[in-house]
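Asker: Can you read through this structure? Questions will come right after.
No lab work stands behind these numbers, since they all come straight from the coordinates. This one's a predicted model, so the numbers in the text were calculated from it and none came from an experiment. As a convention, Cβ positions derive from the backbone with ideal geometry for all residues, glycine included, and neighbour counts pool all protein chains shown.
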């Protein structure tokens, strides 16, 4: 199993966490998204993943793009360690929480979106633009989260694998998090687990 990843990609970060939690043997293959390098736009990677994004998972002959699709595949194919609750409505609540981050927060603050805003509109999206969409998404996430220890109670789920990278990004861009005490406490607790520590951006082989 190979995961094509970039150290600071929050989407790849989610998948690294899940692979670690499930205890699945895998190889991390770095793909640089750095300006001036842009390995994801090269012919070799484009042939593998026409979307030219990370993460991309290869499991034998199967190749899968998009973090949510990858995580659903891992959940269905390797169920020994489960990251989705067995029953409804808890199962759908976890999925909804994940999609709130993957669909509503992350795309608006994605590197390529921010670069486009910077080059086409000569604006700095790392300031109020970034903070606005984090605050909007985190208000709902704070209301949905349990009192801990994890997003939906005592068990780690995919919701935690989505939350932790998003909080990492918020801290990177110095977004005030005082209004989101549950999210901060859950993230700090999850980061005590080895699976989360090993997935940290700064612990990746391609981190500067």
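Asker: Cα extents of the chain along the three principal axes, largest first, in whole Å?
Answerer: Extents along the principal axes: 44, 43, 28 Å.
Asker: Rank-order 99-111, 69-81 by packing density, defined as the average count of other C-beta atoms within 10 Å over each peptide's residues, highest first.
Answerer: 99-111, 69-81
Asker: Return the percentage of antiparallel bridges among DSSP beta bridges fully within the chain, rounded to the nearest 5 %.
Answerer: 65 percent
Asker: What whole number of Å gives the distance from the Cα centroid of region 54-80 to the Cα centroid of region 166-194?
Answerer: Here the two parts' Cα centres lie 26 Å apart.
Asker: Can I ask one more? How long, wide and thick is region 90-195, going by the Cα atoms along their three principal axes, in whole angstroms, largest first?
Answerer: 46, 26, 25
Asker: Take the Cβ-Cβ distance between residue 120 and residue 203 as r, set R0 to 45 Å, and report the resulting FRET efficiency rounded to the nearest 0.05.
Answerer: E(calc), rounded to 0.05, equals 0.85.
Asker: When N is the residue count of region 2-82, what does its C-alpha Rg come to as a fraction of 2.2 N^0.38 Å?
Answerer: Compared with the compact-globule rule of thumb, region 2-82 sits at 1.06.
Asker: Per DSSP H run of n ≥ 4, the term is -39500 (n - 2.57); total these for the chain, divide by its residue number, and report the mean residue ellipticity at 222 nm rounded to 500 deg cm²/dmol.
Answerer: After summing the helix terms and dividing by residue count, I get -14500 deg cm²/dmol.
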